[in-house]
1. For the range 51-81, name all the residues that are aliphatic (A, V, I, L, M), farther than 15 Å from LYS8 by Cβ and out of contact with any strand residue (DSSP E or B) (no Cβ under 9 Å at 6 or more places or on another chain).
2. Return only the number of the condition from (1) in a strand (DSSP E or B); (2) modelled with pLDDT under 95; (3) in contact with a Lys or Arg (Cβ under 8 Å, 6 or more places away or on another chain) that SER121 does not satisfy.
3. Checking GLY98 against (1) closer than 26 Å to TYR29 by Cα; (2) modelled with pLDDT of 95 or more; (3) part of a loop (DSSP other than H, G, I, E, B), only one condition comes out false. Which one?
4. I want to confirm something. Restricting to the range 2-40 and keeping residues that are of a type in the set (Gly, Ala, Ser) and closer than 16 Å to MET57 by Cα, which single residue is nearest to the chain's Cα centre (by Cα)?
5. Among residues belonging to the range 135-166 that are modelled with pLDDT of 95 or more and among the aliphatic types (A, V, I, L, M), point out the one that is surrounded by the most Cβ atoms within 10 Å (Cβ to Cβ).
6. Does GLU77 meet the test of being part of a strand (DSSP E or B) and closer than 24 Å to ASP21 by Cβ?
7. Residue check: is THR89 over 19 Å from VAL22 (Cα atoms) and β-branched (Val, Ile, Thr)?
8. If you scan the range 92-113, which residues turn out to be within 16 Å of the chain's Cα centre (by Cα) and within 19 Å of GLU153 (Cβ to Cβ)?
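The values are calculated or read from the model by the stated rules, or taken from the named source; none is laboratory data. Keep in mind the model is a prediction, meaning the values are calculated, not measured. Virtual Cβ from ideal backbone geometry, glycine too; neighbours counted across all protein chains shown.
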Amino acid sequence: MAGTIEEKVTELVTPLVESMDVKVWGIRYRGGSDHAVLQVFIDSEEGVSADKCGEIMDVLSPALDAADLIAPKYTLEVSSPGLDRILFTLEQTKAYVGKTVKAELRMPTQGRHKLQGILESVSEDGMLKINDKVSGEMEVAFSNISTARVVPEFPQNNKKAPRSAS
C-alpha cells in the first residue's frame, strides 16, 4: 500500500465511492494526540446530497475499521467539497483558471506565506500564476502549496439599499 494515511485511505475508499456513482474529490486527515478527523470529500455532476453522504459513510466506516489504517480514535466525515473547495490535484486546479483562489504555501515566496488572487494559468509542469491582490503576479509551484481553495464568488445583489427611517 502507498505511504501517507491519505494515500492509503484513497486507495481503499475510491472503488467503494465510485461504485455508488460519485467520485472522491479528496481526502484530508488531521491527526491529534487524543482525537483525529478523517474527511472524505465526494462530488458528482449533480452535486451531493446529505443522504448520499450518509449512504457513503455507512459503506466506508466498516471498510475503514476492517482495514485498520488509522491507529487513534478518529471521526469520519463525508461531505461535498463545497463552494470553497480545496484543490487537491493539479487537474482540479486547472479547472479553476480565471477564478479567485487562496493558497497557503509550504515555503514563502517573495516573503509571502499566503496568497489570494485570480488564478491566471497552470502549466503542465505544475507552475501556477496567481495575480495576488497584494504582490501582483506571482509564480508558485503546485508542490509548494499546502492548501489551495477556491474563493466563492457571489453575484452582486441589485436590491436597493433600505431607506433610513427619518
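1. Applying the first criterion (aliphatic (A, V, I, L, M)) to the range 51-81 yields 56-57, 59-60, 63-64, 66-67, 69-71, 76, 78.
The next check asks that each one be farther than 15 Å from LYS8 by Cβ; those that pass are 56-57, 59, 78.
Passing the criteria: only VAL59.
2. Here SER121 clears every test but (2).
3. The single condition GLY98 does not satisfy is (1).
4. From the range 2-40, those of a type in the set (Gly, Ala, Ser) are 2-3, 19, 26, 31-33, 36; that's our starting set.
When the remaining residues are screened for being closer than 16 Å to MET57 by Cα, the result is 19, 26.
Numbers: SER19: 22, GLY26: 6 Å.
Looking at residues that are of a type in the set (Gly, Ala, Ser) and closer than 16 Å to MET57 by Cα, I get GLY26.
5. ALA148
6. Numbers: part of a strand (DSSP E or B): yes; closer than 24 Å to ASP21 by Cβ: yes.
Here the answer is yes, as GLU77 does meet what is asked.
7. Details: over 19 Å from VAL22 (Cα atoms): no; β-branched (Val, Ile, Thr): yes.
Taking the combined requirement at face value, the residue does not satisfy it.
8. Within the range 92-113, GLN92, THR93, LYS94, ALA95, TYR96, VAL97, LYS99, THR100, VAL101, LYS102, ALA103 qualify.
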